[in-house]
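The values are calculated or read from the model by the stated rules, or taken from the named source; none is laboratory data. Computed from a predicted model, the values in this text were never measured in an experiment. Here the Cβ positions follow ideal geometry from the backbone for every residue, glycine too, while neighbour counts run over all protein chains shown.
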Amino acid sequence: MEDDRVRVVIAEDSVLLREGLTRLLSDRGHEVVAGVGDGEGLVKAVGELAAAGELPDVVVADVRMPPTHTDEGLRAAIRLRADHPDLAVLVLSQYVEEQYATELLAASGRGVGYLLKDRVAEVREFVDAVVRVARGGTALDPEVVAQLLGRSRKQDVLAGLTPREREVLGLMAEGRTNSAIARQLVVSDGAVEKHVSNIFMKLGLAPSDGDHRRVLAVLTYLRS
């Protein structure tokens, strides 16, 4: 459906993977408006689209790209989030790189995601993640969430949450809906809704028409 289509820019130095991602998304009705192989190319492509009034919905970028294959993709993503707050960003990485995940989440902007490249093989989950991030949500790889959960400096934020609420918040960070969380935990949707409401209250996130409390709850937790 037209309303479900998202416009994507892909930044990946492997031509084979870049073309594969393009085909994968295009076959499911989405529009890949540009494909580039390095961080500078990504910034330039998005800048040109924005200047033409055609800012994409989401950028999908590899963390490591030429010339040094360290963090060029991440740096470009953070720069783009600063220049274009309405642009969502989903980064891909071969391994869990905690520093990179933290830096990306700390940057201002809307939808954000960090997935391991292995997740791309799970086609439906990957496409769902791209769409969810494009619409302003989050998509964090379970392994990334697990690693961030273990950080001792999270304890102050989590101190007021029950073990079940922490579990629910971790699943929220992965981008799961209340129904999906209920299935995972084998509880009712109502029970999950109650846990989510308690999480909002304990994190001091009052109802607001202008803020997406679900995203704010996840980011408050991951940034602390």
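In segment 47-62, the residue that is farthest from residue 86 (Cα to Cα) out of those that are of a type in the set (A, V, I, L, M) and part of a loop (DSSP other than H, G, I, E, B) is 52.
Residue by residue, here is whether (1) in contact with a Lys or Arg (Cβ under 7 Å, 6 or more places away or on another chain); (2) without any contact (Cβ under 8 Å) to a residue 60 or more places away in the chain; (3) assigned by TED's automatic domain parsing to the domain that holds residue 129 holds:
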site	(1), (2), (3)
14	no, yes, yes
21	no, no, yes
24	no, no, yes
32	no, yes, yes
43	yes, yes, yes
69	no, yes, yes
80	no, yes, yes
96	no, yes, yes
104	no, yes, yes
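Only one of these is free of Cβ contacts under 8 Å to residues at least 12 places away in the same chain and not polar (S, T, N, Q): 111, 53. Name it. On inspection, the qualifying residue turns out to be 53. Being of a type outside the set (D, E, K, R) and not in a helix (DSSP H, G or I) is the filter here, so list the residues in segment 163-178 that pass it. Those that are of a type outside the set (D, E, K, R) and not in a helix (DSSP H, G or I): 175, 177.
Looking at 12, 48, can you tell me which residue is surrounded by 19 or more Cβ atoms within 10 Å (Cβ to Cβ) and over 15 Å from residue 134 (Cβ atoms)?
Details: 48 fails: surrounded by 19 or more Cβ atoms within 10 Å (Cβ to Cβ).
Being surrounded by 19 or more Cβ atoms within 10 Å (Cβ to Cβ) and over 15 Å from residue 134 (Cβ atoms) holds for just one of 12, 48, which is 12.
Under 8 Å between Cβ atoms, which residue pairs at least 6 apart in sequence (or on different chains) link something in segment 164-186 that is in contact (Cβ under 8 Å) with a residue 60 or more places away in the chain with a partner that is assigned to a loop (DSSP other than H, G, I, E, B) and surrounded by 15 or more Cβ atoms within 10 Å (Cβ to Cβ)? Taking only residues 6 or more apart or on different chains, the pairs are 175/137.
Looking at (1) farther than 25 Å from residue 131 by Cα; (2) surrounded by 14 or more Cβ atoms within 10 Å (Cβ to Cβ); (3) modelled with pLDDT of 90 or more, which one does residue 185 not meet, given that it meets all the others? It is condition (1) that residue 185 fails.
Take residue 120 and decide whether it is closer than 18 Å to residue 25 by Cβ and surrounded by 21 or more Cβ atoms within 10 Å (Cβ to Cβ). Talk me through it step by step, then tell me what you get.
Numbers: closer than 18 Å to residue 25 by Cβ: yes; surrounded by 21 or more Cβ atoms within 10 Å (Cβ to Cβ): no.
Taking the combined requirement at face value, the residue does not satisfy it.
Selection of segment 21-43 for residues being surrounded by fewer than 18 Cβ atoms within 10 Å (Cβ to Cβ), closer than 17 Å to residue 89 by Cβ and acidic (Asp, Glu) yields only 40. Evaluate segment 96-104: report whether one residue or more is at pLDDT 90 or above and in contact with a Phe, Trp or Tyr (Cβ under 7 Å, 6 or more places away or on another chain). No, the conditions are met nowhere in segment 96-104. Every condition in (1) within 16 Å of residue 10 (Cα to Cα); (2) loosely packed, with under 15 Cβ neighbours inside 10 Å holds for residue 91 except the one numbered (2).
Looking only at residues in segment 63-88 that are assigned to a helix (DSSP H, G or I) and out of contact with any strand residue (DSSP E or B) (no Cβ under 8 Å at 6 or more places or on another chain), which one is surrounded by the most Cβ atoms within 10 Å (Cβ to Cβ)? Spell out the reasoning first.
Keep residues of segment 63-88 that are assigned to a helix (DSSP H, G or I), which gives 72-83.
If we keep only those that are out of contact with any strand residue (DSSP E or B) (no Cβ under 8 Å at 6 or more places or on another chain) too, we end up with 72, 75, 78-79, 82-83.
Numbers: 72: 23, 75: 18, 78: 20, 79: 15, 82: 12, 83: 13.
Per the stated criteria, the residue is 72.
Sort out which residues of segment 1-46 are part of a loop (DSSP other than H, G, I, E, B) and not acidic (Asp, Glu), and write them in order of number. Break it down stepwise before answering.
Step one: of segment 1-46, the residues part of a loop (DSSP other than H, G, I, E, B) are 1, 5-6, 12-14, 27-30, 37-38.
Result: 1, 5, 6, 14, 28, 29, 30, 37.
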